[in-house]
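S.K.: Please find one structure pasted underneath; my questions will follow.
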Amino acid sequence: MITNYKYTAINRQKKLVKGQMQAPNKEILANFLYEKGLTLKEVKENNSALAFLNNFNIGKVIKEVEMIFLLKQLSAMIKAGMRSAEAVEVLATQTKNKQIRTILFDVYFNVHAGMYLSEAMAKHPTEFPKLMTNMINNGETSGDLVQAIDNISTYYEDNRQVRMDIIGALTMPAIYIVMGIVVTAIMIVFVLPNYVELFATTGTELPKPTQILLDIGNFFTNYASILGILTLLFASAFYGFFFKTEKGRKAFSVMLIRMPVFGEVVIMYNLSTIASTLNQMVSNKLKLLEAIEASTKIIKNVVYRETLEKTVENVSNGYPISLAMEDHYAFTPVFTKMISLGERSGSLTEMLSNLSDFNREDVKLRVTRLKKAIEPAIMIFIYALAGGLILAIMLPSLSMI
């Protein structure tokens, strides 16, 4: 447990220095300041509301991109000859995010007190998953800590790149669709009624398409508050079921896998993550059972997580890894056959590495194809929407000719 302190100290020039610091206790704070050339004179806990808010957090604090940066910096400093405690201290001092700084200082103080870096990180399981702490522990015991940190950094970077490719492929189509709907709504609700009022003075009946659009606009205008409330309730119920309950999360996971075209991308992405995670851990001399157990904490898709949990049970009972994956709709035949071959031939690590690379490249290829397939469909949708809208607005004028 780390605490906020306010302190007054005397520096080497015999001048008073005041400041704030986070530390596990006053003794460690005094030792830390002494190493910096400061003699502690007075210290008290900082119990202000601001200090509490700085330490308060919900969920994961260190985001993936920040973790990659921290790992790269940590590796570079250790390569330069710094001890792990000194490197973590520098990271904590330079970090602007106060919540991340609190975590890093806690890691630093524990390492400074004699803990291994992996043990200090393991005290924050939300921020540093078992995959990371196990690999760092292996690097510490084997004397190759830098390589272990570099491997973790590469692992996170590769997974993030694949995920960003998928998100990027879906972002622009989503923006086009939303903008098209918004512009259409504005035209129907605000522009079309004013235009129809001018046309109504002639006493001519409105063309059917124009009348339908006008009725739709009137419906949304008259029942806007009710529709807003219903939409909010539906969104809350959707989120509450599909993201807050285990049954809902599994249903959503199955839906993603079963989706036409996009489901194949989801499958290959998850298989790539599983293969790369197992490869990183097994190649770093971790026991196979521990590697699979750690993988269940990394995989977000419930279908794959449950399959890995079943695999843990199978391996514990002496059965092969591939048993739970065989004939499973979420696992490709290539994946299960290569895992099975790797087990029988004793080259599982090599097979996992090959599967990781193969599935990652397959995801990139499928994402590229998906983008090429979506773009024409989106353009057709936008042109059809714009054309239909223009035609509905212009029809009254054309009917008078």
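S.K.: Out of curiosity, is Thr349 at pLDDT below 90 and under 21 Å from the mean Cα position of the chain (by Cα)?
M.R.: no
S.K.: Name the residues in segment 111-137 that are farther than 19 Å from Thr296 by Cβ and either outside the structural domain of Ile68 (by TED's automatic domain parsing) or at pLDDT below 90 (or both), would you?
M.R.: Correct list: His112, Ala113, Gly114.
S.K.: Can we say Ala251 is more than 26 Å from Met351 (Cα to Cα) and out of contact with any Cys (no Cβ under 8 Å at 6 or more places or on another chain)?
M.R.: Here the answer is yes, as Ala251 does meet what is asked.
S.K.: Name every residue in segment 102-127 that is under 21 Å from the mean Cα position of the chain (by Cα), surrounded by fewer than 21 Cβ atoms within 10 Å (Cβ to Cβ) and either in a helix (DSSP H, G or I) or aromatic (Phe, Trp, Tyr) (or both), in order of residue number.
M.R.: Selection gives Ala122 alone.
S.K.: Does Ala148 satisfy being at pLDDT 90 or above, surrounded by 14 or more Cβ atoms within 10 Å (Cβ to Cβ) and farther than 27 Å from Leu391 by Cβ?
M.R.: When the stated conditions are applied, Ala148 passes them.
S.K.: Among the residues of segment 324-351, write down those that are among the aliphatic types (A, V, I, L, M) and exposed (fewer than 15 other Cβ atoms within 10 Å of the Cβ).
M.R.: Val334, Leu341
S.K.: I've got another one for you. Kindly indicate whether Ile177 is out of contact with any Asp or Glu (no Cβ under 6 Å at 6 or more places or on another chain), in contact (Cβ under 8 Å) with a residue 60 or more places away in the chain and surrounded by 11 or more Cβ atoms within 10 Å (Cβ to Cβ).
M.R.: Against the criterion (out of contact with any Asp or Glu (no Cβ under 6 Å at 6 or more places or on another chain), in contact (Cβ under 8 Å) with a residue 60 or more places away in the chain and surrounded by 11 or more Cβ atoms within 10 Å (Cβ to Cβ)), Ile177 qualifies.
S.K.: To continue, here is another question. Any residue at all in segment 312-333 that's part of a helix (DSSP H, G or I), more than 24 Å from Ser253 (Cβ to Cβ) and in contact (Cβ under 8 Å) with a residue 24 or more places away in the chain?
M.R.: Yes: segment 312-333 contains one or more residues that are part of a helix (DSSP H, G or I), more than 24 Å from Ser253 (Cβ to Cβ) and in contact (Cβ under 8 Å) with a residue 24 or more places away in the chain.
S.K.: How many of the residues in segment 12-41 are within 20 Å of Ala120 (Cβ to Cβ), part of a strand (DSSP E or B) and more than 38 Å from the chain's Cα centre (by Cα)?
M.R.: Result for segment 12-41: 0.
S.K.: Being over 27 Å from the mean Cα position of the chain (by Cα) and not small (Gly, Ala, Ser): is that true of Glu309 here?
M.R.: No; evaluated as a whole, the condition is false for this residue.
S.K.: How many of the residues making up segment 287-309 are surrounded by 20 or more Cβ atoms within 10 Å (Cβ to Cβ) and not in a helix (DSSP H, G or I)?
M.R.: 1
S.K.: Listed residues Val254, Val196, Val189, Val261; which is in contact with a helix residue (DSSP H, G or I) (Cβ under 8 Å, 6 or more places away or on another chain), surrounded by 11 or more Cβ atoms within 10 Å (Cβ to Cβ), β-branched (Val, Ile, Thr) and modelled with pLDDT of 90 or more?
M.R.: Val254
S.K.: Hey, Ala80 hits all of (1) loosely packed, with under 12 Cβ neighbours inside 10 Å; (2) modelled with pLDDT under 80; (3) under 30 Å from Arg160 (Cβ atoms) but one; which does it fall short on?
M.R.: (2)
S.K.: So for segment 360-382 (the condition being β-branched (Val, Ile, Thr), out of contact with any helix residue (DSSP H, G or I) (no Cβ under 6 Å at 6 or more places or on another chain), under 19 Å from Leu170 (Cβ atoms) and surrounded by fewer than 18 Cβ atoms within 10 Å (Cβ to Cβ)), does at least one residue qualify?
M.R.: yes
The values are calculated or read from the model by the stated rules, or taken from the named source; none is laboratory data. A quick note: this is a predicted structure, and the numbers were derived from the prediction, not measured. A quick note on method: Cβ atoms are made from the backbone with ideal geometry, for glycine too, and the neighbour counts reach across all protein chains shown.
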